[in-house]
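This report concerns only the one structure given below.
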Amino acid sequence: MKLFVNGEPRECAAETVDALFRAEAEESGIESPQGVAIALNGRVLRRRDWGETPVADGDRVEIVRAMQGG
């Protein structure tokens with residue numbers, strides 16, 4: 001299916017937000033979901049809901065990681 005992750009089109013086989021996060025985390029070297037927020041189609045999701053929230057073709061997912069610094 002085709003998703004938009006952080007504004008970029010991606011082909012993805014993930015069925016849930018959690019599976020998508022794990023795939024993206026592996027690719028980008030994120031070791032833990034701590035400090036990460038995910039929005040699906042403009043709605044921020046609670047971390048405990050990631051595993052139960054399905055993704056569908058055309059969904060827009062924003063994955064944001066808090067960074068220290070200034």
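The values are calculated or read from the model by the stated rules, or taken from the named source; none is laboratory data. As the structure is a prediction and not an experimental result, all values here were calculated from the model. Quick reminder, even Gly has a Cβ in these numbers, built from the backbone with ideal geometry, and neighbours come from all protein chains shown. Note: areas computed on protein heavy atoms with side chains; ligands, DNA, RNA excluded. Shrake-Rupley method; radii C 1.70, N 1.55, O 1.52, S 1.80 Å.
Values as computed for the structure displayed
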item: Accessible-area composition of the chain, carbon plus sulfur, in percent [1.4 Å probe]; result: 46
item: For the stretch 42-49, Karplus couplings with θ = phi - 60° (6.51, -1.76, 1.60), whole Hz, Gly/Pro x; result: x, 10, 6, 9, 6, 4, 5, 9
item: DSSP beta bridges in the chain [antiparallel fraction, %, rounded to 5]; result: 85
item: C-alpha long axis of helix 17-28 to longest principal axis of the chain, angle in °; result: 60
item: Extension gain, residue 10 back to residue 32 (0.36 nm per residue minus Cα-Cα distance, nm); result: 5.7 nm
item: Choice from 43, 60, 22 with maximal GNM fluctuation in the chain (Cα, 10 Å cutoff); result: 43
item: Given charges at beta-carbon only (K, R positive; D, E negative), |dipole| of the chain in Debye; result: 300
item: Per residue value of the accessible surface for the chain (all protein chains in place, 1.4 Å probe), Å²; result: 70
item: Segment residue 49-residue 68, extension gain: residue separation times 0.36 nm, minus the distance between their alpha carbons; result: 4.3 nm
item: Whole-number percent relative contact order across the chain, with pairs defined as alpha carbons under 8 Å at least 6 apart; result: 46
